[in-house]
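Notes for the one structure printed next.
The values are calculated or read from the model by the stated rules, or taken from the named source; none is laboratory data. Quick caveat, the model's predicted, so the values are computed rather than measured. Heads up, the Cβs are rebuilt from the backbone with ideal geometry, glycines too, and the neighbour counts pull from every protein chain shown. Calculation scope for accessible area: heavy atoms of the full protein, side chains included, ligands and nucleic acids excluded. Shrake-Rupley method; radii C 1.70, N 1.55, O 1.52, S 1.80 Å.
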Amino acid sequence: MRLRTAARTAAAALTATLTFTATAATAASATPAAAQTTKAATTHNLAPGDILTTTPTTFHPLPAQPTPTRAWHITYRSTTAKNTPNTVSGTVIVPRDGRPDRTRPLITYAVGTVGLADKCAPSAGFPRGTTVEANLIQLLTARGWAVAVTDYEGLGTPGDHTYVVGRSAGHAVLDAARAALRLPEAGLSPDAPVGIMGYSQGGQATSWAAELHDSYAPELNVKGTATGGVPADLLRTADYDNGGIGAGLILMAASGQNAAYPELRLDDYLNDRGRAHLSFLRENCVAANVAAGLFKKISDVTVRNPLYEADWQRVLRSSNLGTHAPDHPVYLYHGTADELIPYDLGRRLRADWCARGASVRWTALPLTEHVGGAVVQAIPAANWLAERFADRPDGGDCA
């Protein structure tokens, strides 16, 4: 009963908020210094996934809504797209349900687009009940699963957010799982079964985590990845959104690439309107950013289009997915009426992974738009992961 009630709440809250009728959190830092437990080390002295700071926090799917959980805000060592050490923040959530913590599975969860400002980070909204996907995360904790939620590079920590930079995001997702398993307060087993889950920007991040697992974090006991609405090709996605309702996401993506690769010199391509617009995007969250960017074209904010330049195209293509088969089963889904990320990108990602020998379970969502895909697949995707946690095989449907 609790799971069904949470599901109804999740669907209603997520649909209302992600159609951009609500605003994101306006909180400052979620890590008061007085409450922190700090490890006296620099990122260069730590391994990926090692914890720098731990702060007790709370997890509220909606404002003032209590949950039977314990939660900690953490900062942890991860790795940039250029393979240098960085620090990323996140949240670890563990149910209070009487179950021995060492028997719990862990989900490392990547949220969809929240914005570029630190106040938009998932960890900033959890204590206030303003992180939209907290309603979906509650469906996971209701199953007795622990959840680690990355804030991604530069979202909640110093520096600009490397929005939709695939390799950076994949590292952050895998290292969030490592950090959760190393967090003494959480009490999780080092070899706990791990599921990877995310949609939209989170779908890109989790798909990258799936592709990187065997080379970057092979010690994690990953049982499966559930990923949907994946922008598997950023150039194609930008062309699709140019002048449409997702146009505001293009300059956000350009800002993210520039954060990871400052040699791209984004500012050289912007006109005065573009610089003002980018300043607004960096100070606000997704609802305001999408509204401000509605139906804009790249030509409206640039003196010349950076996406046509060879160095930009090389960097954007470095975030493309489908070049390496995940070493574990994948549940992949996409709405046929997705207005933000082309449906054929999902089909092509499936084909690319299948061609490389991956085990992929594909689900097309007829007449389903972007936000709807996250809602309608929240429970089926979790059910699929539950089957993997139970060690039931899934050979996929590539044949």
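Give me the distance in nm between label points sitting 7 Å out from Cα along the Cα-to-Cβ direction at Ala399 and Glu339, one decimal. Going by the 7 Å Cα→Cβ label model, 4.1 nm.
Among Thr84, Thr58, Thr103, which one shows the biggest mean-square fluctuation in a GNM of the chain, springs joining Cα atoms closer than 10 Å? In this elastic network of the chain, the residue with the biggest mean-square fluctuation among Thr84, Thr58, Thr103 is Thr84. Bridges between two residues of the chain, per DSSP, are antiparallel at a rate of about 50%. Taking label points 7 Å from Cα along the Cα-to-Cβ direction, Gln65 and Asp327 give a separation of 3.8 nm. In straight-distance terms, cross-link reach from Lys297 covers every one of the aspartates and glutamates whose alpha-carbon lies under 12 Å from its own, apart from those fewer than eight places away in the same chain; here that gives Asp239, Asp241.
Using helices alone, what [θ] at 222 nm do you get for the chain, with -39,500 (n - 2.57) per DSSP H run of 4 or more residues, divided over all residues and rounded to the nearest 500? If you can, show how the numbers build up before the last one.
Values: 14 runs with 145 residues, N = 399.
Helix-only estimate at 222 nm: -11000 deg cm²/dmol.
Given axes a ≥ b ≥ c from the Cα gyration tensor, I'd like to know whether the chain is rounded (a/c under 1.5), prolate (a/b larger than b/c) or oblate. Working shown, then result.
Values: a/c = 1.38, a/b = 1.22, b/c = 1.13.
Rounded is the answer for the chain, as its axis ratio a/c remains below 1.5.
Can you check what the net charge comes to around Ala180, using other residues whose Cβ is under 14 Å from the Cβ of Ala180 (Lys, Arg +1; Asp, Glu -1)? Kindly include the intermediate steps, with their values, before the conclusion.
Working: positive: Arg70, Arg77, Arg102, Arg104, Arg178, Arg182; negative: Asp50, Asp101, Asp151, Asp175, Glu185, Asp191, Glu219.
Local net charge: -1.
With a sphere of radius 10 Å drawn around the Cβ of His161, what net charge do the other residues whose Cβ falls strictly inside it have (Lys, Arg +1; Asp, Glu -1)? Computed value for this residue: -3. Of Val164, His60, His213, which is farthest along the charge dipole of the chain in the positive direction, counting Lys and Arg as +1 and Asp and Glu as -1 at C-beta? Final value for the positive-end residue is His60.
Accessible surface computed residue by residue for the chain, with neighbouring protein chains in place and a 1.4 Å probe, gives 37 Å² per residue.
The three principal axes of the Cα atoms in the range 34-136 give end-to-end lengths of 39, 35, 29 Å, sorted in falling order. Computed from the C-beta positions of Glu387 and Tyr308 and an R0 of 35 Å, the FRET efficiency is 0.20 to the nearest 0.05.
Taking 8 Å as the Cα distance limit and 6 or more residues as the minimum spacing, I'd like the relative contact order of the chain as a percentage. Please report the intermediate quantities before stating the final value.
Details: 948 pairs, mean separation 66.3, N = 399.
Relative contact order of the chain: 17 percent.
Averaging the sequence gap over all C-alpha pairs within less than 8 Å and six or more residues apart, then dividing by the number of residues, gives the range 338-399 a relative contact order of 46 percent.
Quick one: with all protein chains in place, what share of the accessible area of the chain is carbon or sulfur, to the nearest percent (1.4 Å probe)? Let's see the in-between values first.
Working: 8090 of 14880 Å².
Solvent-exposed carbon and sulfur of the chain make up 54 percent of the total.
Report the net charge of residues surrounding Gly322, where surrounding means a beta-carbon distance below 10 angstrom and charges are Lys +1, Arg +1, Asp -1, Glu -1. Working shown, then result.
Values: positive: Arg348, Arg350, Arg356; negative: Glu211, Asp233, Asp352.
It works out to a net charge of 0.
For the chain, set up a GNM with springs between Cα atoms under 10 Å and report which of Val230, Val286, Val301 has the largest fluctuation. Comparing Val230, Val286, Val301 in the GNM, the peak value goes to Val301. Under the rule that an exposed site lies in a DSSP loop and has at most 16 other Cβ atoms within 10 Å, name the longest stretch of the chain with no trypsin sites (Lys or Arg not before Pro) of that kind, not counting the sites themselves. Longest gap between qualifying sites, sites excluded: 97-264.
For Ala47 and Arg356, the FRET efficiency from 1/(1 + (r/R0)^6), where r spans their Cβ atoms and R0 equals 25 Å, is about 0.30. Residue-wise HN-Hα couplings along the range 238-250, as the Karplus relation 6.51 cos²θ - 1.76 cosθ + 1.60 with θ = phi - 60° gives them from phi, are 5, 4, 5, 8, 4, x, x, 6, x, 4, x, 6, 5 Hz; Gly and Pro carry x.
Please work out whether the range 249-399 counts as rounded, prolate or oblate from its C-alpha gyration tensor, where a ≥ b ≥ c are the square roots of the eigenvalues and a/c under 1.5 means rounded, while otherwise a/b larger than b/c means prolate and anything else oblate? Prolate shape, in that a/c is at least 1.5 and a/b is the bigger ratio.
Taking the Cα centre of the range 67-144 as origin and charging only Cβ (+1 Lys, Arg; -1 Asp, Glu), how large is the dipole, in debye to the nearest 20? Could the numbers behind the result be given before it?
On the way: 10 positive and 4 negative charges, 41 e Å.
Computed about the Cα centre, the dipole is about 200 debye.
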